[in-house]
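To start, the structure under review is shown below, and the notes come after it.
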Amino acid sequence: MKSVLFLINPNSHDNDEMLSLISTAGYKNLGVFSQNLKEVNKSYYIGSGKVKELAANIFLIEDKDPVKVIFNVELNATQKRNLEDELGYEVLDRTELIIEIFERSAKTVEAKLQVEIAKYRYMASRLVDKEANYSQVTSGSGHNKGEGEKEKELTRRQLSAAIRQKKQKLEKIKNSRKTARSRRISSAIPVIAIVGYTNVGKSTLMNALLELSHKVDSKNVLVEDKLFATLETSSRLIDIYGFPPFIITDTVGFISNLPHFLVESFKSTLEEIKDADYLLHVHDISSNMMSEENDAVNKVLDEIGVDGIPIIDVFNKSDRLKYTPFLKDTFITTFKDKEEVRDVVNYIWDNISKNWERKIINVPYEYDFRTLEHDNFVIEKINKKDGIKATVRFNPVYKHKYKEFFMN
Ligand SMILES: Nc1nc2c(ncn2[C@@H]2O[C@H](COP(=O)(O)OP(=O)(O)OP(=O)(O)O)[C@@H](O)[C@H]2O)c(=O)[nH]1
Ligand SMILES: [Mg+2]
């Protein structure tokens, strides 16, 4: 599959992100064209002169395969059709491209259902668009208008019936997961959801944690240098020697300007984020648009109604920087390095245990120190003659078990 990218008011991030989306969707991009626009053209989005120029340019670079022309904005139905007529090539806008990627990535029943709902919602939004056109074209002709409307009504009714049916199926899956979750919640193990922009390394962290947890098996999650490699949430128990256990949830990555209906379609997956006790927000420190990416993530979190869950920020991909900057209160790391991932776990527990009571203890060697480490956060430990001397933050739930060891 071949494509040509047309960028409207581009910046370098837009350019990179669109090219990533295009290659993730499986296209070989033949060329990039652009226009700076102050005003949107009603018929074509871009200027009509530019459309002709673009057609001529594509003609020069195309080979035998059909080419799709991809825009970095959202086009309405009229603009898309006019562009296709004028260019003689199929046109895709950014949303359609993202839906194509979602379709390719969706592996589970749940992800597939969500993508189908998103697609139908998108089609329904296109119908509204067409309707505006119809009323312009057919005003005055009562007969035609009625016919047109009947046709549209049917399609819309079919679409909403299909959406309703798929939502019901989704609801069933969601409910079965809820029961599993409530069983989990009663165990008092904290649930941490990894959130962040797409491709920042969320699934890489999940797998690294599983590895430290000695659980490398078929349950690993997919890591790819692709946008939206992950389309469903998955949770795993992480139990690493020297730390208390926690449950980690890998989630779908976010992207800027994600159309609302897409967020809406993935709500059942995204809503799991709301059940987390903590959010681990992963940033890509090597990205030159980190702050925009941060805003996009916060916007989606707002949209799904995440409110009041403590956020732990972690900045990944430090290995891609020439120099690692020293920034106060900023945890910079790379998930590619196993030792550093242990530090991430330490950082997570340092945050979780912030308000736990800190005690210095002396534990005789006969006692199984591992149980203590499993229940509480050990900041430091030193082996002494008569036992282990340690600085520990005690989990209020388990503190009573260890009173005999307190030295302060
Ligand atoms: N250089 C470098 N690459 C990394 C690091 N962490 C992850 N990656 C790479 O970044 C790419 C994306 O990683 P994923 O873990 O799939 O990212 P994700 O956030 O889960 O992405 P989505 O599921 O698409 O939202 C992969 O090619 C990883 O190998 C890192 O610390 N340094
Ligand atoms: Mg992922």
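Restrict the check to the range 48-62 and report whether at least one residue is in a strand (DSSP E or B), farther than 20 Å from Met289 by Cα, at pLDDT 90 or above and outside the structural domain of Tyr122 (by TED's automatic domain parsing). No. If Phe315 meets every condition in (1) surrounded by fewer than 18 Cβ atoms within 10 Å (Cβ to Cβ); (2) assigned by TED's automatic domain parsing to the domain that holds Phe243; (3) under 26 Å from Tyr278 (Cα atoms) apart from one, which number is that one? Tallying (1) surrounded by fewer than 18 Cβ atoms within 10 Å (Cβ to Cβ); (2) assigned by TED's automatic domain parsing to the domain that holds Phe243; (3) under 26 Å from Tyr278 (Cα atoms), Phe315 fails exactly one: (1).
Of a type outside the set (A, V, I, L, M, F, W, C), out of contact with any Pro (no Cβ under 7 Å at 6 or more places or on another chain) and within 27 Å of Ser125 (Cβ to Cβ), is that true of Asn36?
Values: of a type outside the set (A, V, I, L, M, F, W, C): yes; out of contact with any Pro (no Cβ under 7 Å at 6 or more places or on another chain): yes; within 27 Å of Ser125 (Cβ to Cβ): no.
No, not satisfied.
Taking the conditions (1) more than 14 Å from ligand 1 (Cβ to nearest atom); (2) part of a loop (DSSP other than H, G, I, E, B); (3) over 24 Å from Ser353 (Cβ atoms) in turn, Thr330 satisfies each one other than (3).
Can we say Asp319 is within 28 Å of Val200 (Cβ to Cβ), charged (D, E, K, R) and either within 16 Å of ligand 2 (Cβ to nearest atom) or in contact with an Asp or Glu (Cβ under 8 Å, 6 or more places away or on another chain) (or both)?
yes
Results for (1) within 12 Å of ligand 1 (Cβ to nearest atom); (2) of a type in the set (Gly, Ala, Ser); (3) in the same structural domain as Thr334 (by TED's automatic domain parsing), shown as yes or no for each residue.
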{"site": "Val221", "(1), (2), (3)": "yes, no, yes"}
{"site": "Glu232", "(1), (2), (3)": "yes, no, yes"}
{"site": "Leu237", "(1), (2), (3)": "no, no, yes"}
{"site": "Leu262", "(1), (2), (3)": "no, no, yes"}
{"site": "Ser287", "(1), (2), (3)": "yes, yes, yes"}
{"site": "Glu292", "(1), (2), (3)": "no, no, yes"}
{"site": "Gly305", "(1), (2), (3)": "no, yes, yes"}
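Among the residues here, Glu171 does not qualify as over 16 Å from Leu262 (Cα atoms), modelled with pLDDT of 80 or more, assigned to a helix (DSSP H, G or I) and touching a strand residue (DSSP E or B) at 6+ places or on another chain (Cβ under 6 Å).
Checking the stated criteria, Val341 turns out to be touching a residue at least 12 places away in the same chain (Cβ under 8 Å), closer than 16 Å to Ile312 by Cβ, under 39 Å from the mean Cα position of the chain (by Cα) and surrounded by 15 or more Cβ atoms within 10 Å (Cβ to Cβ).
Per-residue answers, yes or no, for (1) within 25 Å of Ser256 (Cβ to Cβ); (2) out of contact with any His (no Cβ under 7 Å at 6 or more places or on another chain); (3) of a type in the set (Gly, Ala, Ser):
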{"residue": "Ser20", "(1), (2), (3)": "yes, yes, yes"}
{"residue": "Asn36", "(1), (2), (3)": "yes, yes, no"}
{"residue": "Leu60", "(1), (2), (3)": "no, yes, no"}
{"residue": "Asp65", "(1), (2), (3)": "no, yes, no"}
{"residue": "Thr78", "(1), (2), (3)": "no, yes, no"}
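Could you tell me which numbered condition Phe331 fails, if it satisfies all but one of (1) surrounded by 11 or more Cβ atoms within 10 Å (Cβ to Cβ); (2) in contact (Cβ under 8 Å) with a residue 40 or more places away in the chain? Phe331 satisfies every listed condition except (2).
The values are calculated or read from the model by the stated rules, or taken from the named source; none is laboratory data. Since this is a predicted model, take the numbers as computed values, not measurements. All Cβ positions, even for glycine, are placed from backbone atoms using ideal geometry, and neighbour counts span all protein chains on display.
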